[in-house]
1. Checking the structure you have, find out if any residue of the stretch 244-251 is farther than 21 Å from CYS289 by Cβ, touching a residue at least 24 places away in the same chain (Cβ under 8 Å) and among the small types (Gly, Ala, Ser).
2. Given the options LEU339, LEU317, name the one that is modelled with pLDDT under 90 and in contact with a Leu (Cβ under 8 Å, 6 or more places away or on another chain).
3. Cβ contacts < 8 Å: first residue within 19 Å of GLY345 (Cα to Cα), restricted to the stretch 205-228; second residue modelled with pLDDT under 95 and of a type in the set (D, E, K, R), any location; separation 6+ or different chain. Result?
4. Sort out which residues of the stretch 367-420 are farther than 16 Å from GLN347 by Cβ, surrounded by 16 or more Cβ atoms within 10 Å (Cβ to Cβ) and in contact with a strand residue (DSSP E or B) (Cβ under 7 Å, 6 or more places away or on another chain), and write them in order of number.
5. Counting just the residues of the stretch 177-190 that are assigned to a loop (DSSP other than H, G, I, E, B) and hydrophobic (A, V, I, L, M, F, W, C), which one comes out modelled with the highest pLDDT?
6. Can you give me the number of residues within the stretch 382-398 that are out of contact with any Gly (no Cβ under 7 Å at 6 or more places or on another chain) and part of a helix (DSSP H, G or I)?
7. Keeping to the stretch 157-176, report how many residues are under 22 Å from the mean Cα position of the chain (by Cα), part of a helix (DSSP H, G or I) and surrounded by 14 or more Cβ atoms within 10 Å (Cβ to Cβ).
8. Just to verify a result, which residue in the stretch 211-245, among those that are β-branched (Val, Ile, Thr) and not in a loop (DSSP other than H, G, I, E, B), is surrounded by the most Cβ atoms within 10 Å (Cβ to Cβ)?
Amino acid sequence: MLKSSEEKDGSEMETAKCIDSFTHLASTKPKNYNLPMKRTVRPLFVLLLLLVFIATLTSRSILRRGIISIELETRLLIRDSLPLNATLLKHAAVEIGEEKSRQEIQQLLDGDFASQARHRTFVSWRRFIHHDGDRSFPATLRSPLFYRYWIDFRRVLHDWARKRRFQPGIMNELTRLVKVPLDRFNKVVTDSRDKKYSSCAVVGNSGILLNRNYGSLIDAHEFVIRLNNARVDNYENKVGKKTSISFVNSNILHLCARRTGCFCHPYGANVPIVMYICQAVHFLDYTVCNVSHKSPLLVTDPRFDVLCSRIVKYYSLKRFVEETGKGLELWGSAHEGALFHYSSGMQAVMLALGVCDKVSIFGFGKSPSAKHHYHTNQKAELHLHDYEAEYAFYRDLVDGYTPIPFISEKFKIPPVVMYH
């Protein structure tokens, strides 16, 4: 750009000299000749200079867009050409606890609460559920209110279980499944149902957030996703205060269900909640709380859950083999087996990929001196998550060249930036 300015300045000097010369000739009167006065050439030179300047800017703009387009196309070509490990793909597609999960779902649909954990959840649910917040009218087993809840519970659980399968194309449906209902609630009118948010910030809960003042940067995004009702009060400079949705796991809602009116809104009653199901029995909480919530309470599509589970397991298997040198059959014993699960943060990032044109990630990572969560004193991590494997997944997203396992080729992953 500096070079362009220098060339322009030089051209103007030469033009000025030419103009002065022609002006001098035009103003000199011939002694013995009666010839007509020649027109000044100043407008011609100015017009010529303007055309050259416009042509230069246009060519540079076209060249710049071409370079960006070539870079994006190159990333896609490289990503599509890089192979994924077939053995890891095969093992990651196996869900260790699938059969047990199906049995539990069927038992719930049949009204069988023989399991100690399910019975404890059911008793807790029945004890704290009240009609419209009226504590004088509990939903006992034989009450008409309980019967209505029970019918709704069986319906949503049956629909959820029926759709639970692997379908990589679900990423292209997230705008319809999540953004459209949110736009309808917020009374946002868009030209297309496929239009995505221009920019999204996924705010994790890592203690490393306390080392930076990202608050204003986070709030500048069109759409902000926060995790598991993490506090923002007194942390606004670090984590911002804007919240578009609260992304939680169903354990959070199970605790909220004990409160009057199922209050689960630390960011305000009008902030929607998107939740993934940890245990099928938690649909009891969803059935009741969904009635009392003013804002949408959305459950993630089970096909989306299965996709997230396979991606994280692929990265966890890869990390296990590379770091330990052991066989894949030993992975289960090192990662809680059937209890292994992706984190809330990972699925929130996946959601952002599906509904946003640009994704920024904050508060993901750890430091020896940082707390596990910025808003609590917790230091230890949960062993049912493999955070290191998830960090490798985020790095591949930022890189843009590495193929992501199980995601359909028809889905274009948006640009991702990770702030440390």
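The values are calculated or read from the model by the stated rules, or taken from the named source; none is laboratory data. In this text, all values refer to a predicted model and were calculated from it rather than measured experimentally. So basically every Cβ, Gly included, is an ideal-geometry build from the backbone, and we count neighbours across all protein chains shown.
1. no
2. Checking each option against the conditions leaves just LEU339.
3. Here the result reads SER206/LYS366; GLY207/LYS366; GLY207/LYS371; ILE208/LYS366; LEU210/LYS371, each pair linking the stretch 205-228 to a residue that is modelled with pLDDT under 95 and of a type in the set (D, E, K, R).
4. PRO414, MET418, TYR419
5. VAL188
6. 11
7. Going through the stretch 157-176 one residue at a time, the tally reaches 7.
8. In this case the residue turns out to be VAL239.
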